[in-house]
């Protein structure tokens, strides 16, 4: 009987696919485009392309702002209609996040979003990792940064007036944030992932900031 188990030490990684896009068409456009794609995978019958609809969301940045001196994280509260529809709790706890605009570099977008959503720019940004939050429905690609901030300078209210956005920054002790995570009290996916990273790395934050090298992280210019 063949052994289908992967060989010891085999790389576990996403791989490219030789996919052929046979056509695409717009289905709608609002905040982002919704499109239908017709495509073929290797081995498919070329007379019968597959069809898939997805939201073209594009590049996004998220920032976990941390005050090393005070051992605090800066989170935000913001109303999300989708959360209200999903579970009746639309007043979400989140971290800084937003779209990368046009040719903007991710680090520049991360600094801009911090200014807009928590009212100040980080003194240091360390890029941690990139992930796809909803690959079954969208091409959204999020790059997560660690941002070092002075929590004492955080205002009570923030948000981009141009986007009709209102955010309420929250200064939270790191241990309290992790306890809330453990209790399942917060459901924003980016926040949950960022706090899991923080729980694993909170005892070496100073080292990560000094070296710009935490879990693949690097200083963002």
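The values are calculated or read from the model by the stated rules, or taken from the named source; none is laboratory data. These figures come from a predicted structure and were not determined experimentally. Backbone-built Cβ (ideal geometry, glycine too); neighbour counts: all protein chains shown.
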For residue 143, work out the one condition from (1) free of Cβ contacts under 8 Å to residues at least 12 places away in the same chain; (2) over 19 Å from residue 67 (Cα atoms) it doesn't fulfil. (1)
Does residue 125 satisfy being in contact with a strand residue (DSSP E or B) (Cβ under 9 Å, 6 or more places away or on another chain), free of Cβ contacts under 8 Å to residues at least 40 places away in the same chain, farther than 30 Å from residue 29 by Cα and not in a helix (DSSP H, G or I)? no
In this structure, does residue 67 turn out to be modelled with pLDDT of 95 or more, in contact with a helix residue (DSSP H, G or I) (Cβ under 9 Å, 6 or more places away or on another chain) and either over 23 Å from residue 195 (Cα atoms) or assigned by TED's automatic domain parsing to the domain that holds residue 179 (or both)? yes
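Okay, residues lined up against (1) crowded, with 17+ Cβ neighbours inside 10 Å; (2) not in a strand (DSSP E or B):
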site	(1), (2)
70	no, yes
83	yes, yes
89	no, yes
97	yes, no
103	no, yes
108	no, yes
117	yes, yes
When residue 47 is evaluated against the numbered criteria (1) part of a strand (DSSP E or B); (2) not assigned by TED's automatic domain parsing to the domain that holds residue 169, which criterion, by number, is the only one it fails? (1)
Any idea which residue in segment 19-41 is modelled with the lowest pLDDT, counting only those that are surrounded by 10 or more Cβ atoms within 10 Å (Cβ to Cβ) and assigned to a loop (DSSP other than H, G, I, E, B)? 32
Would you check which residues across segment 167-215 are more than 20 Å from residue 123 (Cα to Cα) and part of a strand (DSSP E or B) and list them? 167, 168
